[in-house]
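Notes for the one structure printed next.
Bear in mind these aren't lab numbers, they're just calculated from the coordinates by the rules spelled out. Model, not experiment: these values are computed from the prediction. FYI the Cβ positions are ideal-geometry reconstructions off the backbone, even for glycines, and counts take in every protein chain you see.
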Amino acid sequence: MTEELDAGIVARQIAESGELGEPARNRHEVGAARRRKEDARLVTGRTRWTDNIQLPGMLYVAFLRSPMAHARVTRVDASPALHRPGVVAAFTGRDLAGEQGSLPCAWPVTEDIVVPAHPPMAVDEVRYAGEAVACVVATDRYRAYDALESIEIDYEPLPAVVDMNAALEDDAPRVHEEGNRAYVWKFGTGDIDAAFRDAPVVVERTFVQQRLIPTAMEPRAVVAQTDGDSFTLHSSTQVPHILRIMLATVTGIPEHKLRVIAPDVGGGFGSKLQVTAEEVLLLLLARRLGKPVKWTESRSEGNLTVHHGRDQIQRLSLAAEADGRLRGLRVDLLADMGAYLMLITPGIPILGAFMFNGIYKMDAYDFTCTGVFTTKMPTDAYRGAGRPEATFAIERLMDELAAELGLDPIEVRRRNWITRDEFPYTTVANMTYDSGDYEAATRKALALFGYDKLRAEQSERRDRRDPVQLGIGVSTYTEMCGLAPSRVLGSLSYGAGGWEYAAVRMLPTGKVEAVTGVSPHGQGHETAWSQIVADALGVPFEDVAVVHGDTAIAHKGMDTYGSRSLAVGGVALVRACDKVREKARHVAAHMLEASAEDIEFSEGTFRVRGTEAGTTIQEIALAVFGAHDLPDGVEASLDSDATFDPDDFSFPHGTHLCAVEVDTETGATSIRSYVAVDDIGKVINPLIVEGQVHGGIAQGIAQALFEEAVYDSEGNLLTTTMADYLLPSAADLPDFVTARTETPATGNPLGVKGVGEAGTIASTPAVVNAVVDALRPYGVRDVPMPCTPERVWRAIQGGAS
Amino acid sequence: MTRITVTVDGVAHEEEVEPRLLLVHLLRDRLGKIGTPVGCDTSNCGACTIMMDGRSVKSCSVLAVQADGSELLTVEGLADGPTWHPMQRAFHEEHALQCGYCTPGMIMAALDLLKDDPDPSDEAIRHGLEGNLCRCTGYSNIVKAVRRGARAMSDQEVTT
Ligand code: FES
Ligand code: FES
């Protein structure tokens, strides 16, 4: 307990010294801990969730889902459902086969990748438990579900394919005719054989990234409607813009006749970065029936059918010198695709390919990823998407290397990390890290954590064989954010660009509407974007409204994922503001009878250099609206837009330290203290940043200790409810001590790097390293995730034997 | 069909309901009280928490008929006109919400917790909110908000 207090005291001291620094609020909004604009509707219940929508004549959809992982559908008849009360229509996959198309995969990572057809509703064969096989449309949700039992369907079971290693054997049953190997993707630099030849130390490990269920608190919901000509789709999605393009392509509804709206969205974490079967099917139903239709998933339905995350087997070898300096790293991954390739399924592990080397220098790197089909729900983006898996691998390996060499894990890292004066640094994975200071973040984290004291306590407890052992886990992570430079995406065969769009509308009264192409679902963009605009245009924070998430009013964008909103979308917004100012400057020059070159802008006022004469941006907005006296050739509008495509990724980093107490008699782990020092570059709103870090850490801890999607050998999902799939509650988590260091990103004018995924990426290895560290005296070298009491206990028994 | 009367946020309703209708669906689908969301189907998440006759219930695990004759308070009934309840303000001030989906239930559960323990410790708050899941915040700020809300309420002598 003393250490926790110490950490608290240190945190306060740093805060008081101004080092933690909430930026002083002279006149700048950027850097201020503004309370969020979004909260007003959220704390009062005046929310706009998709399921809230009720339209006249609206019908409700329920799906019949396969109870089997793999089967041929030999007969299906939905017509008996039509006799049930309230039922308006019922359809099977065969009924829709001619119009439902195939769900898209936008990231065919290799030339010869197998991309199987993926009908939104199964027609002849089901390949995972939960796949939709029929649907009922009725006048209320209860009646729709009631009628599902009348649908007649016969299955001929086929063998389930659950285990990736077994799936790759020659005589394995096939998920698709083309076989179970979706692709093999390779990457490498340096002479990997030389790195391993005669290497004094080689650490070989196999780690399993268990399958996770993202579990946004708002279940998915879709409402589709048509006026007979055009269509509107409301969906609980992170990607309204991508969705519109993809739905137009799949359904044949012309893009200009399709409006997609993401209203309030209750979390996503990657799970709502998808083009789902239900979104396609609801549009088809609206088209067939001419009525508004709604579908809201139950949690159990969601656990089965919202794409899952992670699920990799990582075979790793790390070669090092006797002093711990790294020579090379070999990574051989099996990545479970599940039954189909969804929007970016195959690309997720590839996003990790450039991160396995972490913050460390080495001579050679070799990466192979094999995408494997199984009869399970497809995997796809989940917070971090490929990068948590990579970071886990290297950070666990660094601890293993330290143990092998009898070095402190911090010291091993210090001997290998890129030093502050080596930036910009091109890594062995060909990424150029623009800025960072790993020493500074680590120094601060060690101080906040009370590292030396905890180590002393640890050895004291080891000596007296305390049944409750203390473990200390380190994670010095980096990640690539700001997805993404379009040229890089192109070179990786991704189907779209990575730019972002923003527009600024100056209204006649001097108020501002900022349109953004990113699509928030809990992050707080309305607040942060208002801060950016307030500073850029010198208008009050309150005078800015942020418009997003509706393709009719924010028509263009690439949406929100991959910690890109600020690092890409925020920069587009700055550029749009620059253009507004530039237009206004010319009008100001005319109004002030000066030349535009002599006009200066500061805090909302344009002044003639060296004089007091000035006019405000609001006055200019009104003058432009009136347009009575504009300079020749100047249009009657200050409105501007901009598209920003980053030259490179950004690379947040940080040092997370976790202390756990492990009861060696029961296997129970409890987190005693957790310190996170993150360097995410410049900060727009420290309050929002801290919230992102907290939530991220919680999700990373959840992977380390609590969560796992479990399928049995028949391919049945056993964790369909929140009673079986354990999300941590408030009682399961500690308070987090968070702090920051700051090296601005050099690739964008805001100096920002992105923070949405940092906590999740960093925390999982920190926690597992701590658990393993506690158990080293028992001969334990690994505990598979989640490190449940049973697994910890078994590891102790196994290690000791 | 059964005829029931319920008062929701001060407004009396008389409704014909099927015996199986869940209270949360009565609120959302029939009475337009969409401020109370649904996050699960096994009574685990707490998103649907409201007050029924002064104590918190998960409205997804109560049948509408069981609420017959009850006084219900949802998150929509907390504010006094434009003036937020101190707990709503505390959640805002402490940044205790991100997507906000858990927030109505969290606030109602917090108010219930304070009925038994008006000045709870952090640990009491964490245990008291165990039945309410949040996927966004990691709970630290929720704990702070509940403490802040509790203080503000005792200053103002507000009980719900
Ligand atoms: S919706 Fe009621 S507890 Fe989850
Ligand atoms: S704020 Fe999103 S679930 Fe709690």
inquiry  = Taking a ≥ b ≥ c as the square roots of the Cα gyration tensor eigenvalues, with a/c under 1.5 meaning rounded and otherwise prolate when a/b beats b/c, else oblate, which class fits chain A?
reply    = oblate
inquiry  = Given points 7 Å out from each Cα along the Cα-Cβ axis, report the A:Asp124 to A:Asp229 separation in nanometres with one decimal.
reply    = 4.1 nm
task = Could you pull out every residue, at least 5 positions away or on a different chain, whose amide H is within less than 5 Å of the one on A:Leu258? Hs are placed 1.01 Å off N in the peptide plane, and Pro or chain starts have none.
result = A:Phe231
request  = Could you name the aspartates and glutamates whose alpha carbon sits less than 17 Å from that of A:Lys272, not counting residues in the same chain fewer than 8 places away?
outcome  = A:Asp51, A:Glu218, A:Asp264, A:Glu297, A:Glu301, A:Asp380, A:Asp550, A:Asp559, A:Glu757
request  = Take every residue in peptide A:296-302, count the Cβ atoms of other chains within 10 Å of its Cβ, and give the average of those counts.
outcome  = 3
Euclidean distance of C-alpha centroids, the stretch A:61-76 and the stretch A:589-658, integer Å = 59 Å
Per-residue HN-Hα couplings for the stretch A:133-145 [Karplus 6.51, -1.76, 1.60; θ = phi - 60°; Hz; x = Gly/Pro] = 10, 6, 8, 10, 10, 9, 7, 8, 5, 5, 5, 4, 5
key: Part-to-part distance (alpha-carbon centres) for the stretch A:313-329 and the stretch A:456-481, which is given in Å   = 22 Å
note = Rounded to whole angstrom, the alpha-carbon centroid of the stretch B:29-54 lies from that of the stretch A:150-210 at a distance of 43 Å
ask   = What are the lysines whose alpha-carbon lies under 17 Å from the alpha-carbon of B:Lys33, with same-chain residues fewer than 8 places away excluded?
value = B:Lys58
Karplus-derived HN-Hα couplings along the stretch A:168-178 (A = 6.51, B = -1.76, C = 1.60, θ = phi - 60°), whole Hz, x at Gly and Pro = 8, 6, 4, 9, 5, x, 9, 6, 10, 3, 6
task = Could you grab the relative contact order for chain A? Cα pairs under 8 Å, six or more apart, rounded to a whole percent.
result = 16 percent
ask   = Out of residues 5 or more away from A:Ser673 or on other chains, whose amide H comes under 5 Å of its own, with H placed 1.01 Å from N in the peptide plane?
value = A:Ala659
query = Which one of B:Val17, B:Val57, B:Val146 has the biggest mean-square fluctuation once chain B is modelled by GNM with Cα springs under 10 Å?
reply = B:Val17
inquiry  = Using 0.36 nm times the number of residues separating A:Ala440 and A:Ser102, minus their current alpha carbon distance, what extension gain do you get?
reply    = 116.7 nm
task = Would you list which lysines come within 17 Å of A:Lys257, measuring only between C-alpha atoms, while excluding same-chain residues fewer than 8 positions from it?
result = A:Lys291, A:Lys556
task = Return the FRET efficiency for the residue pair A:Arg181, A:His28: r is the Cβ-Cβ distance, R0 is 51 Å, and the value is rounded to the nearest 0.05.
result = 0.40
key: Within the stretch A:695-737, backbone nitrogen closer than 20 Å to the virtual label 7 Å beyond the Cα of A:Lys453 toward Cβ   = A:734-737
